[in-house]
1. How much length is gained if the chain between Thr74 and Ser218 is pulled fully straight, taking 0.36 nm per residue apart and subtracting their Cα-Cα distance, in nm to one decimal?
2. Would you mind counting up the charge near Asn284? Only other residues with Cβ under 15 Å from its Cβ, with Lys and Arg at +1 and Asp and Glu at -1.
3. Based on Cβ point charges of +1 for Lys and Arg and -1 for Asp and Glu, what charge dipole magnitude is obtained for the chain about its Cα centre, in debye rounded to the nearest 20?
4. Starting from the Cα-Cα distance between Val133 and Thr91, subtract it from 0.36 nm times their residue separation and give me the gain in nm to one decimal.
5. For the stretch 42-103, run through the trypsin sites (Lys or Arg not before Pro) and keep only the ones in DSSP coil with at most 15 other Cβ atoms within 10 Å of their Cβ.
6. Helix-derived [θ] at 222 nm for the chain: sum -39500 (n - 2.57) over DSSP H runs of at least 4, divide by residue count, nearest 500?
7. With a probe of 1.4 Å, find how much accessible area the stretch 278-344 has per residue, and write the answer as a whole number in Å².
8. Among Cys95, Ser218, Asn16, pick out the residue whose Cα is farthest towards the positive end of the charge dipole of the chain, where Lys and Arg carry +1 and Asp and Glu carry -1 on C-beta, about the Cα centre.
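The values are calculated or read from the model by the stated rules, or taken from the named source; none is laboratory data. Because the structure is predicted, anything quoted here is derived from the model rather than measured. Counting neighbours? That spans all protein chains shown, and the Cβs are built from the backbone with ideal geometry, glycine included. Calculation scope for accessible area: heavy atoms of the full protein, side chains included, ligands and nucleic acids excluded. Shrake-Rupley method; radii C 1.70, N 1.55, O 1.52, S 1.80 Å.
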Amino acid sequence: MRATVMHGAGEVRIENVPDARLIEPTDALVTVTRACICGSDLWPYKTMPHSDVGRRMGHEFVGVVEEVGTAVRTVKRGDLVVAPFAWSDGTCVFCREGLQTSCLHGGFWGGTDFDGGQGEAVRVPLADGTLVVLPVERDDALMPSLLTLSDVMGTGHHAALAAKVGAGKSVAVVGDGAVGLCGVIAARRLGAERIFILGRHPDRIALARRFGATDVVSERGDDAVARVRELTGGLGVHSVLECVGLDQSMSTALSIVRPGGAVGRVGVPQEPSIPASLPSFFNNVTIAGGPAPVRAYIDALLPDVLAGRIEPGLVFDRVIDLDGVPDGYRAMNEREAIKVAIHL
Ligand SMILES: [Zn+2]
């Protein structure tokens, strides 16, 4: 079968790899119909040292179950399924607490030992705990939004929950990528009164407004902080969704949150420490977040997608086939595209 392999910074190739197949009785074999490129795929795209073996890529996909192991009970051949970006058993202590990204038996797609979503097929471990059956046909018009349940919509939702977004709250979203934009959707969905989007790219701003952003802050750095403070009577916002992961974005987040407020971080941190330790201490700021247990959130978000109440699929502004993946990485890295969908 064919799949995406990253061999180093800027080196993405479509290669022939061993066919995905069942290994454990709890596995399912899924033929991928839709996948996408993630902002987090861009970190290795920028920095990965060269590797001859390479790393299989992709952790967001929808597909059709081709075959299941003898122990699989909840999915069957022919089911259309969405996979969260981590697999999980659904039964361990952390899964039962809704933290499937810490599953005692879980793991993540791709790398050197597992199939990635950006390929023709995937061996899905722990299929019962991992996969969610979608009650639609494979070419349903809702498919882009359903695909976002594998990561970005659930991750935006996680940022909003970690930032304690609620009715009447003021919220700022740092990061205008797909996760930040989904964070706007999540904040609106949870009842936020005012939603600031920090960004300046016209297409992204327009989408943020469509999703419910009420205020646009296009300044950067200290000027952005001053602008948010000015717009909030000098106090700052109740909740900040940090959807980037850089030192600068975290500093901005901690500078615009008001005393007693919360920062929900979902951008993978690129620095070993969190800045502004002292001011966030004296301001009693909660700093929370991490990899989103999107498997837990699919149950909550799926009905809203099926009913058309939220349309996170609008973050996809480019569609490619498998051969177009290397150029898709380039386009996202150069911010030419917000998020690239792969149709197989
Ligand atoms: Zn578990």
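1. On the way: separation 144, 0.36 × 144 = 51.84 nm, distance 4.71 nm.
Using 0.36 nm per residue and subtracting the Cα-Cα distance, I get 47.1 nm.
2. Values: positive: Lys164, Arg258; negative: none.
Around Asn284, the surrounding residues sum to +2.
3. Working: 33 positive and 41 negative charges, 205 e Å.
So the dipole magnitude of the chain works out to roughly 980 debye.
4. On the way: separation 42, 0.36 × 42 = 15.12 nm, distance 1.80 nm.
Extra length available between Val133 and Thr91 comes to 13.3 nm.
5. Values: sites: Lys46, Arg55, Arg56, Arg73, Lys76, Arg77, Arg96; in loops: Arg73, Lys76, Arg77.
Passing sites in the stretch 42-103 are Arg73, Lys76, Arg77.
6. Working: 12 runs with 101 residues, N = 344.
So the calculated ellipticity at 222 nm is -8000 deg cm²/dmol.
7. Numbers: 3080 Å² over 67 residues.
Per-residue value: 46 Å².
8. Toward the positive end, the furthest listed residue is Ser218.
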